[in-house]
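Enquirer: Sharing a structure with you now.
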Amino acid sequence: MHATVADICLGGCFISTVSPPPAGTTVLLCFENGAEGATIAGRTITCMPGNGMGIEFTASVDAASAEQLKALIERLDGDAAQAARMAI
């Protein structure tokens, strides 16, 4: 399933999707941003049909994915800060 990440941190994320799986579902997330990516295991914490789902990360598939996720979050934070400066 392809979906949009609306919010993300090292502990989890919120994913916008019309048909999220029920709370408690084990998921495997593959984040891609250009040439970089990360694969993280998690479980759904909240399910809001028509809106999305909250996911708690439970484990990195490997150490490289953990580092890639951290780098991705840092870059997204930097991009958001840059966008905010440009919007002023």
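Coordinate-derived values only; no laboratory data. Everything numeric here is computed off the predicted structure, so don't read it as measured data.
Enquirer: Would you kindly derive the ³J(HN,Hα) couplings of segment 25-31 from the backbone phi angles with the Karplus curve 6.51 cos²θ - 1.76 cosθ + 1.60 (θ = phi - 60°), listing them in order in whole Hz, with x for Gly and Pro?
Expert: So the J values, rounded to whole Hz, are 6, 6, 10, 10, 9, 10, 8.
Enquirer: Pull up all non-local amide H partners of Ala23: gap of 5 or more, or a different chain, and H-to-H distance under 5 Å with H placed in the peptide plane.
Expert: Amide H neighbours of Ala23: Cys47.
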